[in-house]
1. Taking Cα pairs under 8 Å and at least six residues apart, what relative contact order does the chain come out at, in percent?
2. Would you give the gap between the C-alpha center of region 226-254 and the C-alpha center of region 47-62, rounded to a whole Å?
3. Between LEU237, LEU145, LEU28, find the one with the highest GNM mean-square fluctuation for the chain; connect C-alpha pairs within less than 10 Å.
4. Would you calculate a helix-derived [θ] at 222 nm for the chain, using -39,500 (n - 2.57) for each DSSP H run of n ≥ 4 and dividing by the full residue count, to the nearest 500?
5. I want the antiparallel fraction of DSSP beta bridges within the chain, as a percent rounded to 5.
6. Rank by packing, highest mean first: peptides 181-191, 167-177, with packing defined as the count of other Cβ atoms within 10 Å averaged across residues.
7. Send over a whole-number figure in Å² for the accessible area per residue of the chain, probe 1.4 Å.
8. At 7 Å along Cα-to-Cβ for each site, give me the label-to-label distance between THR151 and VAL69 in nm.
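The values are calculated or read from the model by the stated rules, or taken from the named source; none is laboratory data. A quick note: this is a predicted structure, and the numbers were derived from the prediction, not measured. FYI the Cβ positions are ideal-geometry reconstructions off the backbone, even for glycines, and counts take in every protein chain you see. Surface areas here come from the heavy atoms of the whole protein model, side chains and all, with no ligands, DNA or RNA. Shrake-Rupley method; radii C 1.70, N 1.55, O 1.52, S 1.80 Å.
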Amino acid sequence: MTGAAVLGGLGSALPSRLVTNEELSESLDTSDAWIRSRTGIRQRYWVRGESTGDLAVTAGRHALKSAGVDAVDLVVLATTTPDHPCPATAPEVAARLDLGPVAAYDIAAVCSGFVYGLASAAAHIEAGLVDSALVIGAETYSTILDPQDRTTSVIFGDGAGAVVLRAGEAGQCGALLGFDLGSDGSRRDLIVVPGGGSRARTAPVDAPPAGRYFTMQGKPVFRHAVERMAQSARNVLARAGWTPGSVDSFVGHQANVRILHAVCDQLDLDRDRAVTDLDRVGNTSAASIPLALSRAAGEGRLAAGDRVLLAAFGGGLTWGSTALVWPDIPAL
Ligand code: COA
């Protein structure tokens with residue numbers, strides 16, 4: 001057997017403020033019926049004063065406890081909403097978790113960030129650079145949403161999910177069975193926060209400031225999400241030697257229930273194999289897959305020995321997939 005990165009712990013964190021569709025309908029020209037029927041979202045959680053790092057620390061602590069460890073060699077934090085443009089949020093999270101002087105860095109791949117983070121940490125483990133890693137997806141999109149924009153405000157939620165990876169064997173439950181990652185920067189315009197980066201700052205000082213809010217062209221994003229996730233999933237299934245029909249649970253990026261169902265249709269996978277968490281938390285970007293895993297494992301939807309397929313899609317554009325046989329771990 002060859003060395004592999006093995007899932008050994010799982011944790012999550014949600015902010016305390018529950019935001020219902022009805023609440024959003026009071027300030028926006030929208031309705032619970034529209035949001036539910038077009039997205040599948042019933043509610044989401046938004047921070048009240050907490051930061052992305054705060055949520056990451058809580059989810060990370062839960063994942064370490066779930067794994068039964070108090071140390072790891074590496075922290076990878078996937079986020080589009082870091083605590084500051086500089087420095088990265090991961091070192092502070094590592095320090096607050098008392099992990100010592102470990103390597104720690106952020107990954108920015110928007111909604112694909114968690115799968116990119118898993119791939120990065122797994123590569124470190126497989127190369128023998130580290131023996132263990134904490135991979136966290138954490139977001140506070142409520143801090144970059146335009147409260148007047150009904151096309152984005154109703155979709156996104158805040159939260160964090162985390163896993164511990166350990167060095168192990170390719171044949172054991174929890175081993176990550178390969179990755180498919182990709183990008184298409186020619187369509188970076190589809191999901192953008194225009195202001196705050198180096199391009200916006202090179203504008204003349206008398207130019208109007210670039211927008212700081214998140215913008216998205218929903219329709220083309222929807223089409224790309226379905227095509228890219230389905231193709232990426234096919235690639236990783238081929239690598240794992242699995243047929244789509246042998247997948248017990250498909251944990252896709254929680255953008256829209258119609259996207260998850262369309263990916264299932266393209267893969268010829270029963271729609272009931274798709275794990276759905278967006279009804280509870282909305283689209284939490286890099287946190288969406290580990291949050292969905294936590295919920296599904298906590299509710300007994302994922303059982304030890306199940307074949308689980310993960311597929312993500314996000315701004316960039318970026319996408320990524322991996323597969324594993326579910327291990328016997330608690331979700332905290
Ligand atoms: N409430 C009520 N009406 C809304 C609305 C809201 N919150 N948001 C948009 N609408 C309106 C539009 O203005 C449009 O009205 P018009 O026909 O008068 O112009 C109508 O609803 C249809 O809009 P459309 O954009 O065609 O809807 P849609 O069925 O494509 O659904 C999304 C919109 C955003 C839900 C859908 O495109 C989507 O989920 N895209 C992927 C988004 C995503 O999660 N991306 C994250 C990164 S992966």
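1. On the way: 852 pairs, mean separation 86.4, N = 332.
With pairs under 8 Å counted, the relative contact order is 26 percent.
2. Between the Cα centre of region 226-254 and that of region 47-62, the gap is 30 Å.
3. Top of the fluctuation ranking is LEU28.
4. -9500 deg cm²/dmol
5. Values: 39 of 55 bridges.
Of those bridges, close to 70 percent are antiparallel.
6. On the way: 181-191: 15.0, 167-177: 17.5.
Highest to lowest by the protection proxy: 167-177, 181-191.
7. Working: 13580 Å² over 332 residues.
Heavy-atom accessible area per residue stands at 41 Å².
8. Result: 4.4 nm between the two label points.
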